[in-house]
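Computed from the coordinates by the stated procedures, all read-outs in this text should not be read as laboratory data. In this text, all values refer to a predicted model and were calculated from it rather than measured experimentally. Ideal geometry is used to build each Cβ from the backbone, glycine not excepted, and the neighbour counts take in all protein chains shown.
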Amino acid sequence: MKRPLRLLIALAVIPLPAPAAGDARWVSMDAPEVLDASVLGLQRSGIALPGGFAVDTSLAADLGLLPNLGVRWALAAGPHRFVAGARYAQFVGTDAYSAVITSLQPVVKRFDPSFSGPSAYAVYGFTLGQLTFAAELRARLMYFVSGSATAGAAFAFNESWSVVVEGGVRYLQGAPFVTDATLQPKVAAGLRLAGKGFGFLAGADYVGFDDPMFPALPVMPVVDLCWSFQ
């Protein structure tokens, strides 16, 4: 085989950067976007399939000893966006987390966290010029029941950069740091980049975490990196 032909074949099998990178995630909610390119990212890594489907995982959760696998479907119809997805997670870090907690808190003899279980979400979005509005419903059935209803908006001030704001409520029942079923406010904001082949998000999410064994954590920083390939 001639050398130029071998070079062309080698270049053909190398995945090229997607025109606009993104893992279809905002700060705390799913973005009303079709995942039309395979992506490697912190909040979502996935393989795009025909018909708007994708098989994905949260790499950040995987690294936190919570392996997970999900299926996502999205459709763009004019200005309307429809998204639905489901995921199952299996927690494998009980022993590791228990060892850390008992070393930090001597009064705790045994700590057995278990975050395994399914989750599902649905998103409706509407695009109006530079503005995109979205509403998301999400439910999690792990060792405690939780869910959220979130509304968000993204304003794209050029082809690559946008600012995102989110607000809603979070429902918790049976959580270790919540005595009774409760509703908590949910607020988040961030700055998002969707450049050619590379995406970035930096923001903050109000989580209101308050457990006697841990320092209070009202606001959690959110960082996302992703690379998209055709």
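Annotations for the structure displayed:
- Arranged from fewest to most other beta-carbon atoms within 10 Å of their beta carbon, Trp73, Trp26 become Trp73, Trp26.
- Residue exposure sequence - Thr132, Thr57, Thr182 - by fewest surrounding Cβ within 10 Å: Thr182, Thr57, Thr132
- Exposure proxy shown here: for Lys196, Lys186, the number of other Cβ atoms within 10 Å sets the order, fewest to most, as Lys196, Lys186.
- Note on Ala76 and Ala149: the model spin-label points, each 7 Å out from Cα along the C-beta direction, lie 2.9 nm apart.
- Efficiency of FRET from Cβ geometry, Val219 and Glu159, R₀ 35 Å, rounded to 0.05: 0.70
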